[in-house]
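This report concerns only the one structure given below.
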Amino acid sequence: IINKIKNANDTETLGIKGAINKRLWKETGDTSFLDASIENYRKSWYLFKDYYTGENYGNCLYSKAEHEKKIKDKTFYKMAAEKTYKSVIDTILPILKKNKEELKWKYATLSNCYLALKDSTNAKKYEKLFLKQKPLKLEITTFSETKKNFS
């Protein structure tokens, strides 16, 4: 049903399409779903600079790199993921100074982006701040699942 929406141009729809395709890829191993997820998250990230889709775009690029066989392709996707994580961080940090609302997922995203970039000091710092927000058990599970990609 969601694939019938061809020209989505809002962050919610693109994020949902990205998430559905990412889950389908994890269930089936069919990389066409991963590619569709990358495309939806990419579009949302570039159009809206939404940190949720930015982090997921980076995560999918990272996964694509892990499954590539050619060194050049592996390198390309890893570099694209790293660039995306840095950009997500650069997007969130100024927001933290201005807006103290909805901090929980900003902290979780920062933690995972720093972890992906192998900056364990900042990853731990923002994980602690995430946990101080008293996330629900399901939210902690979601955070931890993403974290496993880089541990």
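Coordinate-derived values only; no laboratory data. Nothing here was measured: the structure is a model prediction, and the numbers come from that model. A quick note on method: Cβ atoms are made from the backbone with ideal geometry, for glycine too, and the neighbour counts reach across all protein chains shown.
Restricting to the stretch 129-147, count the residues that are in a helix (DSSP H, G or I) and more than 19 Å from the chain's Cα centre (by Cα).
Residues that pass the stated criteria total 2.
Can you pull out every residue in the stretch 1-35 that is touching a helix residue (DSSP H, G or I) at 6+ places or on another chain (Cβ under 8 Å), over 17 Å from ALA81 (Cβ atoms) and of a type in the set (A, V, I, L, M, F, W, C)?
ILE2, ILE5, ALA8, LEU14, ILE16, ALA19, ILE20, LEU24, PHE33
Do we find a residue being of a type in the set (Asp, Glu) and not in a helix (DSSP H, G or I) anywhere in the stretch 118-125?
Within the stretch 118-125, one or more residues are of a type in the set (Asp, Glu) and not in a helix (DSSP H, G or I).
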